[in-house]
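Only one structure is covered here, and it is reproduced in the block below.
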Amino acid sequence: MRHKRHFVAVVFFLLSVSVAGAGLVWGLDVADVITAEWTPAGKQLAAERAKLPAKDEMVLVPAGWFLMGSTKQVDRNAYLTELPQHRVYLDAFDIDKYEVTTVQYLRFVLATDRPPLVDWRYDGGNFQESMASHPVMHVSWEDADAYCQWAGKRLPTEAEWEKAARGEDGRIYPWGNEMAGLTRSNYGRTGLSGPVRDRPERLMLYPPIISVDKYENAVSPYGVYQMAGNVAEWVADWYDSQYYKTAPDHNPKGPEKGTQRGFRGGGWMDSTPSVRAAQRNGTAPNTKMNWLGFRCAKDAPQEQGHTAQPHQ
């Protein structure tokens, strides 16, 4: 289950409960609330908007050791699920420089004849051009996994995601140990502004997410964008809160089975502790939320440094 989300999360929980009678379901799973389907005109328009530019770059994360997890001596916000901090060796891999965008996911939806996502239903039920560069959301783990396979990639492991986010030195955030702020991360937002100011029920479908290429001043040591805030991101692993106690130190891939899949990075409505690079969470694989997206990874070719594992 997701860690308690501190002040911002508590406020949103209370709001969602107090306005349930009015049909407001902010931050809740929408899979059982709203379904969407294409209209003929909407699908035709979507095919045109699928031609909009997308950011498909990947970056190399070289083979080597890194510090995974947290220590209370360095990070007072560390949760027990992040302990103990330990050294992990990973083979080289490539990871998406940006979160998967709505236009990238739209191409997948059209190519595989899937229904549109629920947050595409504005603009007369059509895919919104204004959201083309925003991270995709309202996708389950199965959706994310299917997209990555369709794209010739895969979801990153939890260890790969963390190394891509913080580098080798155990820093708390992608940019260093300084506390997150709104000049570096899209987090701690109420969302009650802009298109949802006068109709707050829209927040479920139109949260305050931003384009995936913002915050150039907050990239990870490998140049990866927005691994703190905006949307949290699915990872490949089954989630086990105690996994670090038994995890291998070479290329860990998570438990062999479980009931929850992991996700990382925190989202637009999270508080500071939840956007730290070491923060771990899990939820049911069929969960679809307005703060949860993903990015993909793939094994690096041999010539890019995918070498034999050295001794520690």
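Which ranges mark the strands (runs of 3 or more DSSP E) fully within segment 60-165 that have 3 or more residues being without any contact (Cβ under 8 Å) to a residue 60 or more places away in the chain? Break it down stepwise before answering.
Details: elements: 64-68, 86-90, 93-96.
Strands (runs of 3 or more DSSP E) meeting the threshold: none at all.
In contact (Cβ under 8 Å) with a residue 40 or more places away in the chain, surrounded by 20 or more Cβ atoms within 10 Å (Cβ to Cβ), over 30 Å from residue 189 (Cβ atoms) and in contact with a strand residue (DSSP E or B) (Cβ under 8 Å, 6 or more places away or on another chain), is that true of residue 239? It would help to see each step written out before you state the result.
Numbers: in contact (Cβ under 8 Å) with a residue 40 or more places away in the chain: yes; surrounded by 20 or more Cβ atoms within 10 Å (Cβ to Cβ): yes; over 30 Å from residue 189 (Cβ atoms): no; in contact with a strand residue (DSSP E or B) (Cβ under 8 Å, 6 or more places away or on another chain): yes.
Judged against the criteria, residue 239 is not a match.
If you check residue 168 against the conditions, is it modelled with pLDDT of 95 or more, of a type in the set (Asp, Glu) and over 18 Å from the mean Cα position of the chain (by Cα)?
Details: modelled with pLDDT of 95 or more: yes; of a type in the set (Asp, Glu): yes; over 18 Å from the mean Cα position of the chain (by Cα): yes.
When the stated conditions are applied, residue 168 passes them.
I'm checking my understanding of the structure. Among residues of segment 273-303 that are closer than 23 Å to residue 105 by Cα and polar (S, T, N, Q), which one is surrounded by the most Cβ atoms within 10 Å (Cβ to Cβ)?
Only one residue fits best here, namely 290.
Do you know which of the residues in segment 37-59 that are among the charged types (D, E, K, R) and either assigned to a helix (DSSP H, G or I) or touching a Cys at 6+ places or on another chain (Cβ under 9 Å) (or both) is surrounded by the most Cβ atoms within 10 Å (Cβ to Cβ)?
Looking at residues that are among the charged types (D, E, K, R) and either assigned to a helix (DSSP H, G or I) or touching a Cys at 6+ places or on another chain (Cβ under 9 Å) (or both), I get 49.
Every residue in segment 67-99 that is crowded, with 20+ Cβ neighbours inside 10 Å and in contact with a helix residue (DSSP H, G or I) (Cβ under 7 Å, 6 or more places away or on another chain), please.
Within segment 67-99, 68, 69, 70, 88, 90, 93, 95 meet the criteria.
Is it the case that some residue within segment 149-161 is under 15 Å from the mean Cα position of the chain (by Cα), among the polar types (S, T, N, Q) and farther than 21 Å from residue 287 by Cβ? Quick ask: steps written out before the conclusion?
Step one: of segment 149-161, the residues under 15 Å from the mean Cα position of the chain (by Cα) are 154-161.
If we keep only those that are among the polar types (S, T, N, Q) as well, we get 157.
Applying the additional criterion that residues be farther than 21 Å from residue 287 by Cβ yields none.
Looking through segment 149-161, none of the residues is under 15 Å from the mean Cα position of the chain (by Cα), among the polar types (S, T, N, Q) and farther than 21 Å from residue 287 by Cβ.
Could you list, in sequence order, the residues of segment 229-271 that are on the phi < 0 side of the Ramachandran plot and out of contact with any Gly (no Cβ under 9 Å at 6 or more places or on another chain)?
242, 245, 246, 248, 249, 250, 252, 253, 255, 256, 257, 264
Quick grid of which residues meet (1) out of contact with any Lys or Arg (no Cβ under 8 Å at 6 or more places or on another chain); (2) part of a loop (DSSP other than H, G, I, E, B); (3) modelled with pLDDT under 95:
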| site | (1), (2), (3) |
| --- | --- |
| 178 | yes, yes, yes |
| 182 | yes, yes, yes |
| 223 | no, yes, no |
| 226 | no, yes, no |
| 234 | no, no, no |
| 237 | no, no, no |
| 255 | yes, yes, no |
| 258 | yes, yes, no |
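Examine segment 118-130 for a residue that is closer than 30 Å to residue 255 by Cα and buried (at least 19 other Cβ atoms within 10 Å of the Cβ), and state whether such a residue exists.
Filtering segment 118-130 down to residues closer than 30 Å to residue 255 by Cα leaves none.
No: zero hits.
Exactly one condition in (1) of a type in the set (Ser, Thr, Tyr); (2) touching a strand residue (DSSP E or B) at 6+ places or on another chain (Cβ under 7 Å); (3) modelled with pLDDT under 95 is false for residue 101; which is it?
(3)
Please work out if residue 270 is closer than 21 Å to residue 189 by Cα and either charged (D, E, K, R) or crowded, with 24+ Cβ neighbours inside 10 Å (or both). Working first, answer last.
Values: closer than 21 Å to residue 189 by Cα: yes; either charged (D, E, K, R) or crowded, with 24+ Cβ neighbours inside 10 Å (or both): yes.
Considered against the rule, which asks whether it is closer than 21 Å to residue 189 by Cα and either charged (D, E, K, R) or crowded, with 24+ Cβ neighbours inside 10 Å (or both), residue 270 comes out as yes.
Which condition breaks for residue 214 when tested against (1) at pLDDT below 90; (2) under 20 Å from the mean Cα position of the chain (by Cα); (3) of a type in the set (D, E, K, R)?
Here residue 214 clears every test but (1).
The values are calculated or read from the model by the stated rules, or taken from the named source; none is laboratory data. Bear in mind that the values here come from a model prediction, so they are computed numbers and not experimental data. Note that we place each Cβ from the backbone using ideal geometry, even for glycine, and neighbour counts take in every protein chain shown.
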